[in-house]
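Handing you this structure, nothing more for now.
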Amino acid sequence: MDKTIALGLGNNIDYEIRWDSRVIESLIENYSISSRDILPVQRINTERDLLISILGYMKNGTGIERYVEDLQVISEFAGRFKTAITIGGTAPRAAIAMSKVGVSSSAHLVTTNDHVRKLMPAASSWYCSSSADSSYPHLIVQYEKGACVAARDLTITAPVSTRLIYVNDQDNELMRLEPEFFRNARTARACLISGFNAMRDADLLRDRLLELAGMLGAFPAPVTVFYEDAWFHNADFRHIVLENLRPLIDVFSLNEDEMQGYLGDTIDLLDPARMLESIQALRAIIRVPVVVIHTRYWALASGRDCGRFSASLKNGITMAATRFRLGDGFSKADFLRTREFPPEPRRTAFAEEINRQGKGEVCCFPSVEVEEKKVTTIGLGDAFVGGFLSTLSGVQI
């Protein structure tokens, strides 16, 4: 294999809407939504349900992924805004990020169409488990800290910059696997596994995991298996994945929302002692050699000899911060410039203290301060993965 990093498993097309409070406020009026309606939405069947869901998560400052019962609701809502069509999924977004700094890769996809063929980076070869074109677009709603909607008796101001993802995607629900990708990945330095979070059938999930475990089990020892978690539509499925893949995972990676989902608790991300307790509790659940946590404030690795991933953590932070600043339109020079940005003092103090308390079992680096106000909140975890794995490619960045 001429590509030293293998990236799987799913992909999709994203409808990234440009946030417009006036459109949201008009819909609040049209659907007669009031403050008493802003309650957790169990099933998203209509555009009204979707809007209430968005407002609820915006109020709480939560980034999440949700299933929408009717794909038409996604298209209808996106059609009300200025919308960019992009490629989504951890594998293709990581491939794009890596290509920006001169690292090639090989990707496993489940969906192909004209948009995919246009948007996949030339430096990345790819295999698709579907033989026919299809498209199940994901709705991406992102807004900046301070974004405000005010209509009827509602006034909601976003406490943080974040993104919401709404999905109805048959290809990712089926998650067909392409054996040729895995045969070639045996000579890679690392293989990313991600994308099971959209599956909806427990028996099919177990079948896919059994199939995957057989292919990963054929990998030689030098291949690092890197698992990137996600917000599962069915929370029970994350444990099915763990049960089946735990013996094969070298590095298990997740963000702060996913971490708090496992722990069932809200955690102060800048409290070193509390965070160290949470890491220990998380490791007791996941039980893999190394756990990586990436947040808006810092990124860390926990486990024996975790310091060997220090360069990977730094590059992951730099890649995510560069995408946060500039979206997809960045260059290697932009990446190198971001690398020189100073870290924020409170985050630096946190990293220094948790490293001290961790006694060699924790390796943490703070995120950097950025200058830009108009920022991108989608794909930051994917960019982190791309930066992290770029280091394992052996290419000097």
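Cβ-Cβ below 7 Å, separation at least six or inter-chain, first residue in the stretch 283-300 and closer than 14 Å to Glu344 by Cα, second part of a loop (DSSP other than H, G, I, E, B): which pairs?
That search, which allows pairs on different chains as well, returns Thr295/Leu269; Arg296/Ser367; Tyr297/Leu269; Tyr297/Leu270; Tyr297/Ser367; Trp298/Ser367.
While we're on this one: Name the one entry in Met175, Met199, Met215 that is touching a Pro at 6+ places or on another chain (Cβ under 9 Å), closer than 18 Å to Ser129 by Cβ, outside the structural domain of Ser26 (by TED's automatic domain parsing) and modelled with pLDDT of 95 or more.
Criteria check complete, one pass: Met215.
Output the qualifying pairs, or none if there are none: Cβ atoms under 7 angstrom, residues six or more apart or on different chains, first residue in the stretch 369-384 and more than 11 Å from His294 (Cβ to Cβ), second residue of a type in the set (A, V, I, L, M) and modelled with pLDDT of 90 or more.
Short answer, once both residue conditions are applied: Val370/Ala321; Ile378/Ile140.
Which one is surrounded by the fewest Cβ atoms within 10 Å (Cβ to Cβ), of the residues in the stretch 254-296 that are closer than 16 Å to Tyr227 by Cα and basic (Lys, Arg)?
Checked the stretch 254-296; the qualifying residue surrounded by the fewest Cβ atoms within 10 Å (Cβ to Cβ) is Arg287.
Residues are listed down the side, and each one gets a yes or a no for (1) under 18 Å from the mean Cα position of the chain (by Cα); (2) more than 14 Å from Ile286 (Cα to Cα):
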| position | (1), (2) |
| --- | --- |
| Asn197 | yes, yes |
| Asp207 | no, yes |
| Thr224 | no, yes |
| Tyr227 | yes, no |
| Phe232 | yes, yes |
| Glu243 | no, no |
| Pro247 | no, no |
| Asp250 | no, no |
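A further question on this structure: When only residues in the stretch 44-62 that are free of Cβ contacts under 8 Å to residues at least 60 places away in the same chain and in a loop (DSSP other than H, G, I, E, B) count, which is farthest from Gly146 (Cα to Cα)?
So, considering only residues that are free of Cβ contacts under 8 Å to residues at least 60 places away in the same chain and in a loop (DSSP other than H, G, I, E, B), the one farthest from Gly146 (Cα to Cα) is Asn45.
If Arg163 satisfies every condition in (1) charged (D, E, K, R); (2) more than 18 Å from Val241 (Cβ to Cβ); (3) modelled with pLDDT of 95 or more but one, which is the exception?
(3)
Can you go through Arg208, Arg274 and tell me which one is over 30 Å from Pro345 (Cα atoms) and outside the structural domain of Glu69 (by TED's automatic domain parsing)?
Arg208
Identify, please: which residue in the stretch 102-140 is touching a residue at least 40 places away in the same chain (Cβ under 8 Å) and over 21 Å from Met175 (Cβ atoms) and is, among those, farthest from the chain's Cα centre (by Cα)?
Within the stretch 102-140, the match that is farthest from the chain's Cα centre (by Cα) is Gly102.
Is there a residue in the stretch 341-349 that is among the aromatic types (Phe, Trp, Tyr) and assigned to a helix (DSSP H, G or I)?
No - not one qualifying residue is present in the stretch 341-349.
Can you find a residue in the stretch 132-153 that is at pLDDT below 95 and touching a Pro at 6+ places or on another chain (Cβ under 8 Å)?
Looking for residues that are at pLDDT below 95 and touching a Pro at 6+ places or on another chain (Cβ under 8 Å), one finds at least one in the stretch 132-153, hence yes.
Scanning the stretch 361-397 for residues that are at pLDDT 95 or above and assigned to a loop (DSSP other than H, G, I, E, B), which turns out surrounded by the fewest Cβ atoms within 10 Å (Cβ to Cβ)?
My answer is Glu361.
Okay, residues lined up against (1) at pLDDT below 95; (2) in contact with a Cys (Cβ under 8 Å, 6 or more places away or on another chain); (3) outside the structural domain of Asp382 (by TED's automatic domain parsing):
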| residue | (1), (2), (3) |
| --- | --- |
| Lys314 | no, no, no |
| Met319 | no, no, no |
| Thr322 | no, no, no |
| Gly327 | yes, no, no |
| Asp334 | no, no, no |
| Thr338 | no, no, no |
| Pro343 | yes, no, no |
| Thr348 | no, no, no |
| Ala351 | no, yes, no |
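OK, next. May I ask you to list pairs of residues, at least six apart or on different chains, whose Cβ atoms are under 7 Å apart, with the first in the stretch 178-191 being within 21 Å of Gly386 (Cβ to Cβ) and the second being buried (at least 18 other Cβ atoms within 10 Å of the Cβ) and of a type in the set (Lys, Arg)?
Between residues of the stretch 178-191 that are within 21 Å of Gly386 (Cβ to Cβ) and residues that are buried (at least 18 other Cβ atoms within 10 Å of the Cβ) and of a type in the set (Lys, Arg), the close pairs are Ala188/Lys3.
It is to be established whether one or more residues within the stretch 56-64 are under 30 Å from Ala122 (Cα atoms) and assigned by TED's automatic domain parsing to the domain that holds Asp37.
no
The values are calculated or read from the model by the stated rules, or taken from the named source; none is laboratory data. As the structure is a computational prediction, the values presented were derived from the model and not from experiment. As a convention, Cβ positions derive from the backbone with ideal geometry for all residues, glycine included, and neighbour counts pool all protein chains shown.
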